[in-house]
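The values are calculated or read from the model by the stated rules, or taken from the named source; none is laboratory data. On a predicted model such as this, the values are computed, not experimentally measured, just so you know. Cβ sites come from the backbone with ideal geometry, for glycine too, and all protein chains shown count toward neighbours.
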Amino acid sequence: MQRRSLLTLACLWPLHCAQGAAATAAKPPRLLRYPRHQAFDDPQQAYVTAVLQLALARSGQDYALRSSTLRMVQARAIHEIATDTGTVDIVWAATSRARELQLLPVRIPIDRGLIGWRLALLHARQPQLLRQARQVADLAPLTAGQMRDWPDTAILQANGLRVDTSSTYEGLFQQLAAGRIDYFPRSVIEAQSELASHARLPLALDPHLVIRYPAALYFFVGRHRPALARHIAAGLEKMLADGSFKQLFQRHFGSLAQQLQLSRRHVLDLSNQDLPEETPVARKGLWYDPKNY
């Protein structure tokens with residue numbers, strides 16, 4: 001009787017193993033939710049999600065990306081991640097000391113620092129407003145527009161510039177069109193697409209100036225998810241090593257210098273005292289150089 005039971009178990013064991021293997025193989029990928037931007041046409045999303053998708057694939061981990069159900073500003077997304085509400089798992093944002101205390105940064109600038117290269121959107125009736133601007137004092141009488149929760153707001157103010165803030169992204173374009181602000185600094189990776197997506201408004205892109213400060217756009221995750229941060233970092237490092245990171249950047253932004261005539265613009269450098277000391281500024285290959293991009 002005992003021998004018959006053992007034979008039965010022996011026969012069933014391969015089936016049990018096969019079922020277990022099938023169950024393991026069928027395990028669904030881990031869902032990774034990113035915040036849905038307030039803008040209907042987010043100028044960064046196509047590039048950033050492509051970087052994230054490839055980094056996760058290079059990491060060898062099985063994740064599936066999905067946008068959040070609700071649209072949310074950065075401050076809301078950061079709060080949702082920090083408090084682990086489950087509505088969003090990852091956000092991309094310009095780094096600051098406060099953000100690196102609140103969330104866990106992956107310290108590889110996915111924008112190669114271009115979030116700190118700013119061009120000004122202007123009212124269409126004043127396309128030459130910044131033609132004579134050569135130093136910070138020339139911008140001091142003017143009012144810039146920024147979102148209330150963006151680190152850029154504090155950077156501009158710390159450099160002695162006047163800033164009016166808005167709680168909504170779209171509201172800033174309306175403020176500029178209505179003449180309530182004089183200029184709206186946007187990164188070089190955003191300015192053209194934002195101007196095109198707001199073609200119905202009387203806006204123009206300043207052709208004379210680059211307002212530049214050291215900054216980095218990072219992926220941020222909750223401090224309770226160090227493994228996720230390691231997976232993303234490992235994937236990005238592999239992309240840097242095999243050249244796929246630079247190829248993806250080139251595909252999206254390789255013609256920026258020519259299109260925006262960056263070499264012909266006057267560069268007005270600002271300081272950024274809020275840039276964390278851990279920012280990898282010494283890794284030259286991580287940062288945009290118009291002579292070797």
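Structure summary
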{"quantity": "Search result, residues across the range 265-282 that are more than 21 Å from A154 (Cα to Cα) and in a loop (DSSP other than H, G, I, E, B)", "calculated": "R265, P280, A282"}
{"quantity": "Any hit, the range 132-147, residues being surrounded by 14 or more Cβ atoms within 10 Å (Cβ to Cβ), charged (D, E, K, R) and outside any helix (DSSP H, G or I)", "calculated": "no"}
{"quantity": "Evaluation of E170 against (1) within 21 Å of H266 (Cα to Cα); (2) exposed (fewer than 14 other Cβ atoms within 10 Å of the Cβ); (3) not hydroxyl-bearing (S, T, Y) (one fails), failing number", "calculated": "(1)"}
{"quantity": "Single match in A133, A124 (criterion: touching a helix residue (DSSP H, G or I) at 6+ places or on another chain (Cβ under 7 Å) and in contact (Cβ under 8 Å) with a residue 60 or more places away in the chain)", "calculated": "A133"}
{"quantity": "Sole residue being closer than 17 Å to N272 by Cα and in the same structural domain as M239 (by TED's automatic domain parsing), chosen from A154, A158, A94", "calculated": "A94"}
{"quantity": "Residue match in the range 84-99 (condition: part of a strand (DSSP E or B), in contact (Cβ under 8 Å) with a residue 24 or more places away in the chain and in contact with a Pro (Cβ under 7 Å, 6 or more places away or on another chain))", "calculated": "yes"}
{"quantity": "Conditions (1) outside any helix (DSSP H, G or I); (2) under 17 Å from P29 (Cβ atoms); (3) modelled with pLDDT of 95 or more; number of the one not met by S67", "calculated": "(3)"}
{"quantity": "Test result for G285, in a helix (DSSP H, G or I) and in contact with a Ser or Thr (Cβ under 6 Å, 6 or more places away or on another chain)", "calculated": "no"}
{"quantity": "Filter result (touching a strand residue (DSSP E or B) at 6+ places or on another chain (Cβ under 7 Å) and farther than 22 Å from S193 by Cα) within the range 267-293", "calculated": "L268, D269, L270"}
{"quantity": "The range 159-200, subset in a strand (DSSP E or B) and in contact (Cβ under 8 Å) with a residue 60 or more places away in the chain, residue nearest to D111 (Cα to Cα)", "calculated": "S187"}
{"quantity": "Identity of the residue in the range 104-131, outside any strand (DSSP E or B) and of a type in the set (A, V, I, L, M), that ends up nearest to P276 (Cα to Cα)", "calculated": "I108"}
{"quantity": "Failed condition for F249, given (1) among the aromatic types (F, W, Y); (2) under 29 Å from Q132 (Cα atoms); (3) in a helix (DSSP H, G or I)", "calculated": "(2)"}
